[in-house]
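Every read-out reported here was derived from the displayed coordinates using simple, explicitly stated rules and does not represent laboratory data. Model, not experiment: these values are computed from the prediction.
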Amino acid sequence: MSSAPAPVDRPRPAETVAGFLAAAAIFVSLTGIAYRPLRLIPFALVLALISAGIGGRAARLAAWAVGICALSFALGMATAVVTSNPLW
């Protein structure tokens, strides 16, 4: 009896890119809280949504990235208004 080796489930390159996009979105959105929220956070949200669309093994990270971007947007706008900093 011979048994066939189990197929190796290698991640696709797109899944790796999705993970990097989600990580970049989190970094940019957290940076946007302190510096120009209307300039940085929408860009980060687009990155997070693209990452969520790719999916794969980084789907949970992408979901967290979308949530962090949304929370960062609200927090960044509130911080900019309260401290009278420019929004863009």
**Asked** Residue by residue, what Karplus-based ³J(HN,Hα) values in Hz, rounded to whole numbers, does segment 52-59 have, using 6.51, -1.76 and 1.60 with θ = phi - 60° and x for Gly and Pro?
**Response** 5, x, 5, x, x, 6, 9, 5
**Message:** Helix-only mean residue ellipticity at 222 nm, the chain, DSSP H runs n ≥ 4 weighted -39,500 (n - 2.57), per residue, nearest 500. What is it?
**Reply:** -25500 deg cm²/dmol
**Item:** At 1.002 mPa s and 20 °C, Stokes diffusion of the chain via Kirkwood alpha-carbon radius, µm² per second
**Value:** 154 µm²/s
**Item:** Karplus-derived HN-Hα couplings along segment 72-84 (A = 6.51, B = -1.76, C = 1.60, θ = phi - 60°), whole Hz, x at Gly and Pro
**Value:** 5, 4, 5, 5, x, 5, 5, 5, 5, 6, 5, 8, 6
**Item:** Relative contact order %, the chain, counting alpha carbon pairs below 8 Å whose residues are six or more apart
**Value:** 35 percent
